[in-house]
């Protein structure tokens with residue numbers, strides 16, 4: 001990720017939750033950077049900590065420890081007033097467009113809400129609100145006739161466009177996209193993804209794009225990180241990741257991508273063994289119990305990220321040993 005100036009730098013970020021059974025390590029010692037105007041994709045199976053990571057970066061979940069730098073400023077040291085100001089530059093698009101909208105607010109009220117909260121517009125300034133809402137609706141492709149509609153009167157695609165308009169209303173620089181199209185029909189997904197790409201080019205936006213859809217992340221992202229039970233196991237460019245996946249978990253994940261050809265012979269990797277509990281995690285590699293290459297050291301010591309080639313990192317003892325020998 002060298003070269004461009006980093007807008008976001010996450011360093012040793014942790015987010016733990018206390019549960020009746022013990023400590024849940026949802027995000028554990030995660031580090032990466034995102035250059036300005038680029039997209040970092042985050043992939044992994046459900047429960048791996050992707051959404052928690054995105055929310056911890058924005059301090060929607062208060063991190064347990066670590067650092068999050070936005071334009072060089074560690075936002076974890078910011079007080080309440082400073083964070084309120086930074087909210088205008090750091091936004092989120094949620095997965096479920098219906099659950100993220102207030103059912104009692106019209107389209108106009110939903111889009112205007114962040115502007116009023118940030119004191120950019122006065123709640124009594126109806127003319128200013130009308131003008132700004134119309135501008136944002138046009139930007140995301142919402143018909144002006146929907147301005148007084150309620151969320152239950154709209155389909156999923158239009159609801160998600162409201163969410164995008166709401167996120168863009170404050171002219172942010174960084175947006176966490178938490179599976180923004182997974183709840184939409186396939187045809188609508190393509191429209192929303194194209195819209196998000198156009199908006200990124202138009203406004204120079206930086207995205208953290210969280211998704212299950214590996215095909216989507218391949219085309220949208222400049223770099224991709226793979227998460228497993230709260231940790232990063234691989235980081236690479238799309239070309240490196242899809243052509244030469246290094247971590248056994250990444251290999252299994254990519255092998256599960258469906259191919260729309262009944263005659264195509266897939267080499268599917270079926271994972272065996274039990275999923276390690278993220279509560280009171282034991283030392284060692286968290287994937288060891290499902291890995292066919294696991295060795296004794298995997299049970300006792302976690303492998304840090306090793307650089308295989310420029311921009312391609314993997315956390316695996318197999319590659320660590322190979323690197324050490326060379």
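No lab work stands behind these numbers, since they all come straight from the coordinates. Predicted model, so just to flag it, every value in this text is computed and none were measured. Here the Cβ is made from the backbone with ideal geometry for all residues, glycine too, and neighbour counts use every protein chain on show.
If you average the C-alpha positions of segment 32-56 and of segment 57-101 separately, how far apart do those two centres end up, in angstrom?
Cα centroid to Cα centroid, the span is 13 Å.
In what sequence, highest mean first, do 246-252, 85-91 appear when ranked by Cβ atoms within 10 angstrom?
246-252, 85-91
Quick one: helix 156-168 against the long Cα principal axis of the chain, what's the angle to the nearest 10°, folded into 0 to 90?
80
What's the ranking of 4-13, 49-58 by average number of surrounding C-beta atoms within 10 Å, highest first?
Numbers: 4-13: 17.4, 49-58: 23.1.
So the peptides 4-13, 49-58, ranked by packing, come out 49-58, 4-13.
Normalised by the residues of segment 1-98, what does the relative contact order come to in percent, with Cα pairs under 8 Å and at least six apart? Write out the running numbers ahead of the final one.
On the way: 135 pairs, mean separation 30.2, N = 98.
Averaging sequence separation for qualifying contacts and normalising by length gives 31 percent for segment 1-98.
Relative to the first principal axis of the alpha-carbon coordinates of the chain, what is the inclination of helix 126-140, with its axis defined by its Cα atoms, in degrees from 0 to 90 and to the nearest 10?
Tilt of helix 126-140: around 40 degrees.
Tell me, 129, 92 in order of fewest to most beta-carbon neighbours within 10 Å?
129, 92
Given contacts defined as C-alpha pairs under 8 Å and at least six residues apart, what's the relative contact order of the chain, whole-number percent?
20
Using the count of nearby Cβ atoms within 10 Å as a rough guide to exposure, how do 178, 198 rank from fewest to most?
Going from least to most buried by this count: 198, 178.
If each residue's Cβ is checked for other Cβ atoms within 10 Å, how do 43, 192 rank with the fewest at the top? Mind dumping the intermediate values first?
Numbers: 43 25, 192 22.
So the residues, fewest neighbours to most, are 192, 43.
Compute the relative contact order of segment 156-265 as a whole-number percentage, counting only Cα pairs closer than 8 Å that sit 6 or more residues apart in sequence.
Relative contact order for segment 156-265 comes out at 19 percent.
What ranking, highest mean first, results for peptides 147-153, 61-67 when packing means the other Cβ atoms within 10 Å averaged over each residue? Walk me through the intermediate numbers first.
Numbers: 147-153: 14.1, 61-67: 15.7.
Averaged packing, sorted descending, gives the order 61-67, 147-153.
Return one number: the angle in degrees, 0 to 90 and rounded to the nearest 10, between the long axis of the Cα atoms of helix 186-203 and the longest principal axis of the Cα atoms of the chain.
So the inclination is approximately 80 degrees.
Please work out the FRET efficiency for the pair residue 270 and residue 309, using the Cβ-Cβ distance as r and a Förster radius of 30 Å; give the result to the nearest 0.05.
Values: r = 29 Å, r/R0 = 0.95.
Plugging the Cβ-Cβ distance into 1/(1 + (r/R0)^6) gives 0.55.
What length, rounded to one decimal in nm, is gained on full extension from residue 23 through to residue 113, with 0.36 nm per residue of separation minus their alpha-carbon distance?
28.8 nm
Under a 10 Å cutoff between Cα atoms, tell me which one of 174, 313, 17 has the largest fluctuation in the Gaussian network model of the chain.
17
Rounded to the nearest 0.05, what FRET efficiency do residue 11 and residue 145 have when you use their Cβ-Cβ distance and R0 = 35 Å?
Calculated value: 0.15.
Pulled fully out, how much extra length does the chain show between residue 96 and residue 239, if you take 0.36 nm times their separation in residues and subtract their Cα-Cα distance?
Extending this stretch completely gives an extra 48.5 nm.
Given a 10 angstrom Cα cut-off, can you work out which residue in 127, 179, 307 is the most mobile in a GNM of the chain?
Of 127, 179, 307, the Gaussian network model singles out 127 as fluctuating most.
What does the extension gain come out to for residue 279 and residue 170, with contour length at 0.36 nm per residue minus their alpha carbon separation?
Working it through step by step, the gained length comes to 35.4 nm.
For every helix of n ≥ 4 consecutive DSSP H residues, a contribution of -39,500 (n - 2.57) applies; sum these over the chain, divide by its total residues, and give [θ] at 222 nm rounded to the nearest 500 deg cm²/dmol.
Dividing the helical sum by the residues of the chain leaves -9500 deg cm²/dmol.
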